[in-house]
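The values are calculated or read from the model by the stated rules, or taken from the named source; none is laboratory data. All of these numbers come straight from a predicted model, not from anything done at the bench. Cβ sites come from the backbone with ideal geometry, for glycine too, and all protein chains shown count toward neighbours. Areas reflect the complete protein model, heavy atoms only, side chains present, ligands, DNA and RNA absent. Shrake-Rupley method; radii C 1.70, N 1.55, O 1.52, S 1.80 Å.
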Amino acid sequence: MAPRQKITKEMILQGAIQLTEQYGMDYLSSKTLAKQLNCSTQPLFWYYDTLQDIKDEVVKYAEQLFSEYLRREIPEMTPYKAIGINYIRFAEEHKQLFRLLLMSNKVGQDILNSEPNLPFIMQTLKSEHSFSDDVATKIARQMWIFVHGIATMFATDTANISPSEVSEMVTEVFHGLLTFHSCEK
């Protein structure tokens with residue numbers, strides 16, 4: 001008989017991430033995770049005290065991945081626009097993690113409007129344009145609402161919009177906001 005595979009903490013976390021990516025956090029249980037790892041539930045609790053501890057690690061992973069996505073450079077695109085496009089890409093490529101972080105209250109915080117994301121977004125916007133804090137906050141909030149709408153449609157498979165069309169729409173809305181807020185002065 002072949003020896004049993006030793007289950008590691010990393011294997012447990014990767015299995016939990018895979019289940020969450022595929023089916024969502026609500027599907028993640030000690031039984032589904034043990035089945036994914038082809039083991040009993042016992043090894044899960046050698047490394048974690050509770051299932052919630054495992055879920056908390058999945059959330060940390062998702063938050064880190066989301067922050068990395070926001071910071072990806074896109075050649076020939078302004079850094080601020082890249083943030084919006086990357087937000088949408090995250091929703092398209094990691095639907096369940098996007099839902100977990102940005103379409104539910106399971107995380108317990110507003111992931112976009114907290115550290116480290118909001119300061120990064122505001123700094124990027126203000127480095128490209130000389131806005132007052134008030135105007136920068138308004139534009140960032142309005143752009144987020146627009147981009148979040150598109151991202152939500154991708155996360156829920158209710159949109160079929162090409163990347164070039166998304167890019168064009170983000171540019172047009174941003175230019176509209178610039179025009180509107182320049183008239184406010």
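Do any GluC sites (Glu not before Pro) in the stretch 1-67 lie in a loop, going by DSSP, with at most 10 other beta-carbon atoms within 10 Å of their beta carbon, and if so which?
For GluC sites (Glu not before Pro) across the stretch 1-67 that sit outside H, G, I, E and B with at most 10 neighbouring Cβ atoms in 10 Å, the list is empty.
Ignoring any ligand, DNA or RNA, what whole percent of the accessible area of the chain comes from carbon and sulfur when the probe is 1.4 angstrom?
52
For Rg/Rh (Cα atoms, Kirkwood Rh), which listed value, (i) 0.95; (ii) 1.11; (iii) 1.08, comes from the coordinates shown?
(iii)
Could you state the per residue volume, in Å³, of the convex hull enclosing the Cα atoms of the stretch 35-137?
In the stretch 35-137, the Cα hull volume divided by residue count equals 125 Å³.
Normalising by the residue count of the chain, find the relative contact order in percent from Cα pairs under 8 Å and 6+ residues apart.
19
Charges on Cβ only, +1 for Lys and Arg, -1 for Asp and Glu, centred on the Cα centroid of the chain; of Leu97, Ala155, His181, which one is farthest towards the dipole's positive end?
Positive-end residue among those listed: Leu97.
How large is the helix-only mean residue ellipticity at 222 nm for the chain, computed as the sum of -39500 (n - 2.57) over DSSP H runs with n ≥ 4, divided by its residue count, in deg cm²/dmol to the nearest 500?
-22000 deg cm²/dmol
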